[in-house]
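Inspection log for the structure reproduced underneath, given as structure tokens.
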Amino acid sequence: MDLTALGAGIAAMTGIGAGIGIGIATAKAVEAVARQPEANGKIMTLLLLGGALAEATAIYGLLVAIVIVFVK
């Protein structure tokens, strides 16, 4: 059995964590805007920054998976 595919699959699963994290952050941002609509700009700025950082981890995982598959 080739463990390269298993390693690539595990590395690609970082997208699951990023998706869950972005979903939770979005839900909390919507709650915050509902409580304080006047803080909409600050909340959205922080949400976009946090979402970009969370998505970066998924991209790193995808990159590692691609490297594992193609660089043997």
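Read-outs throughout are calculated quantities, based only on the coordinates presented, and are distinct from any laboratory measurement. Only a predicted model underlies this, so the values are computations on that prediction, with no experimental measurement involved. Cβ sites come from the backbone with ideal geometry, for glycine too, and all protein chains shown count toward neighbours.
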Meets criteria (in a helix (DSSP H, G or I), at negative phi, in contact (Cβ under 8 Å) with a residue 24 or more places away in the chain and surrounded by 12 or more Cβ atoms within 10 Å (Cβ to Cβ)) for ALA25: yes
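Report yes if ILE20 is of a type in the set (Val, Ile, Thr), in a helix (DSSP H, G or I) and surrounded by fewer than 12 Cβ atoms within 10 Å (Cβ to Cβ), otherwise no.
Values: of a type in the set (Val, Ile, Thr): yes; in a helix (DSSP H, G or I): yes; surrounded by fewer than 12 Cβ atoms within 10 Å (Cβ to Cβ): yes.
Against the criterion (of a type in the set (Val, Ile, Thr), in a helix (DSSP H, G or I) and surrounded by fewer than 12 Cβ atoms within 10 Å (Cβ to Cβ)), ILE20 qualifies.
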Among the residues of region 18-51, what is the count of those that are closer than 30 Å to THR4 by Cβ, out of contact with any helix residue (DSSP H, G or I) (no Cβ under 8 Å at 6 or more places or on another chain) and of a type in the set (Gly, Ala, Ser)? 0
So the check is Cβ under 8 Å with 6+ separation or different chains; which pairs have a first residue in region 1-18 that's in contact (Cβ under 8 Å) with a residue 12 or more places away in the chain and a second one that's of a type in the set (Lys, Arg)? THR4/LYS72
